[in-house]
Amino acid sequence: MKVVLFIRSDLLRHGINSMVSGMTQVSSVAVRSGRSQFLDVLSGRGHDLVIACDAERRLIDPVTLGELDGRPYLLQLLGPGAATADRYGIPLADGFLAQEDLSMAHLEAALRQALSREPSMPTRLAHALIDQARRAHSAARAPRSVLTDRQTEALKLMAAGLTNRQIAARLKISENGAKRLVSSVMAKLGAHNRAATVARAITEGLIETAPTQAQGGFKVGGG
């Protein structure tokens, strides 16, 4: 895995560089800065993971981010009170890691998620994102997308935080079948990643924000 760091703080950058460089799955670590280099790295295919702090991540808007096909996985380091989504509830990155939670174990977990191209987000940040999406559209919800029963099942499991492999096991289908099913849900909701899919589902009333004890996730609403 080739990693690029966009982190302004010398102390934070040095600490993360030291941790990432010592991980067996990482082949190289580069340090970059500035909007032009940020766009160049995200637009290219020469890197696998970009780790950026709050200020650097704001160099690109979420719409542009979603339009970059084949780009590296973007992991945003969150300082206290940092936003995880824009005012419409669209996630600003693929994964998130709070600076107060920064450790070798948490960073390794985030890298594993990046390798599998699945979202990485602490539970409390996921709830904040979902609440933000709900508030943004509380006055007038968007028209509801029509999902098949199977897609609704997949959406429920995505909202509960299950990976493609776990979804495959739960639905008794192949992992490739689960990937195709998840992709079809994302496409139907017009979202570029899982976090955006869940946020969009909330705005359309497909998911309620009350957690379910059985699944540890969110209810899929019928009305």
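The values are calculated or read from the model by the stated rules, or taken from the named source; none is laboratory data. Predicted model only: the values in this text are computed from it and were never measured. Because the Cβ atoms are built from the backbone with ideal geometry, glycine has one as well, and the counts that use them run over all protein chains shown.
Here are some notes:
- Any pair with Cβ under 8 angstrom, 6 or more apart, that starts in region 157-173 at a residue that is assigned by TED's automatic domain parsing to the domain that holds residue 185 and ends at one that is surrounded by 18 or more Cβ atoms within 10 Å (Cβ to Cβ) and acidic (Asp, Glu): 163/118; 164/118
- Those residues of region 65-83 which are surrounded by 22 or more Cβ atoms within 10 Å (Cβ to Cβ) and either outside the structural domain of residue 52 (by TED's automatic domain parsing) or at pLDDT below 80 (or both), in sequence order: 78
- Restricting 194, 150, 144 to residues that are farther than 20 Å from residue 117 by Cα and modelled with pLDDT under 90 narrows the list to 144.
- Given (1) in contact (Cβ under 8 Å) with a residue 12 or more places away in the chain; (2) farther than 20 Å from residue 100 by Cα; (3) among the polar types (S, T, N, Q), index of the condition residue 36 fails: (1)
- Qualifying residue in region 20-34 (condition: touching a helix residue (DSSP H, G or I) at 6+ places or on another chain (Cβ under 7 Å), modelled with pLDDT under 90 and assigned to a helix (DSSP H, G or I)): no
- Leading residue by the ranking (modelled with the lowest pLDDT) among those in region 153-184 that are of a type in the set (Gly, Ala, Ser) and part of a helix (DSSP H, G or I): 159
- Region 1-42 - residue that is among the hydroxyl-bearing types (Ser, Thr, Tyr) and surrounded by 14 or more Cβ atoms within 10 Å (Cβ to Cβ) and, of those, farthest from residue 72 (Cα to Cα): 9
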